[in-house]
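Note sheet for the following structure.
The values are calculated or read from the model by the stated rules, or taken from the named source; none is laboratory data. These numbers come from a predicted model, not from an experiment. Note: ideal-geometry Cβ built from the backbone for every residue, glycine included; neighbour counts use all protein chains shown. Each accessible area value is taken on the protein alone, full model and side chains, heavy atoms only, with ligands, DNA and RNA left out. Shrake-Rupley method; radii C 1.70, N 1.55, O 1.52, S 1.80 Å.
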Amino acid sequence: MSIIPSLFGGRRSSIVDPFSIDVWDPFKDFPVPYSSNVSNETSALVNTRVDWKETPEAHVFKADLPGIKKEEVKVEVEDGRVLQITGERNVEKEDKNDTWHRVERRSGKFTRRFRLPENAKMDEVKAAMENGVLTISVPKEEVKKPEMKSIEISG
């Protein structure tokens with residue numbers, strides 16, 4: 001159980017955090033599949049967090065992929081302006097002598113897709129992986145300002 005810090009003076013109280021407690025699942029042994037019994041593939045997809053920011057020079061994507069090697073991730077451009085990130089988080093080998101108390105890390109395939117704007121230079125995409133964070137940079141084309149031509153008014 002975790003303890004919630006007090007709102008007064010930063011002291012800790014003995015209030016129990018209800019979000020850290022295991023909740024009883026009445027449908028756990030139910031023979032019909034339901035939403036909490038979703039496949040690992042879907043779970044891995046949902047848990048792949050990606051931030052997308054636009055700077056004056058580029059669109060920058062950062063994906064948290066802890067425990068995944070760069071060889072297990074694929075970054076592709078498809079249909080001209082769709083950036084796709086795919087990969088697979090492998091299942092840890094189980095030993096029959098091990099007793100699992102909690103399994104929260106997800107395994108399976110994941111896919112994230114992003115439609116990029118017209119100003120993205122899709123032929124100059126760069127990707128790097130460092131400390132479990134995949135960073136993808138998509139440079140932007142310079143926005144050409146329309147030329148203003150002064151027209152002399154006769155008469």
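Among Arg102, Arg89, Arg112, the order of accessible area from largest down is Arg102, Arg112, Arg89, computed with a 1.4 Å probe on protein heavy atoms.
Residues of region 62-111: accessible area per residue at 1.4 Å, in Å²? Intermediate results must be reported in sequence, preceding the final value.
Working: 3960 Å² over 50 residues.
With the other protein chains kept in place, region 62-111 gives 79 Å² per residue.
Using DSSP to call loops (not H, G, I, E or B), can you name the chymotrypsin sites (Phe, Trp or Tyr not before Pro) in region 45-154 whose Cβ has at most 15 other Cβ atoms within 10 angstrom? The partial results should precede the final answer.
Working: sites: Trp52, Phe61, Trp100, Phe110, Phe114; in loops: Trp100.
Hits after loop and neighbour filter: Trp100.
Net charge near Glu54, counting Lys/Arg +1 and Asp/Glu -1 over other residues with Cβ under 15 Å of its Cβ?
Values: positive: Lys53, Lys62, Arg81, Arg115, Lys121, Lys140; negative: Asp51, Glu57, Glu118, Glu141, Glu142.
In short, +1.
Here's the list of lysines a cross-link from Lys53 could span, going by alpha-carbon distance under 21 Å and ignoring same-chain residues fewer than 8 apart: Lys62, Lys74, Lys121, Lys126, Lys140. Largest accessible area first, the listed residues Ser137, Ser150 line up as Ser150, Ser137 when surface is computed with a 1.4 Å probe on the assembled protein chains.
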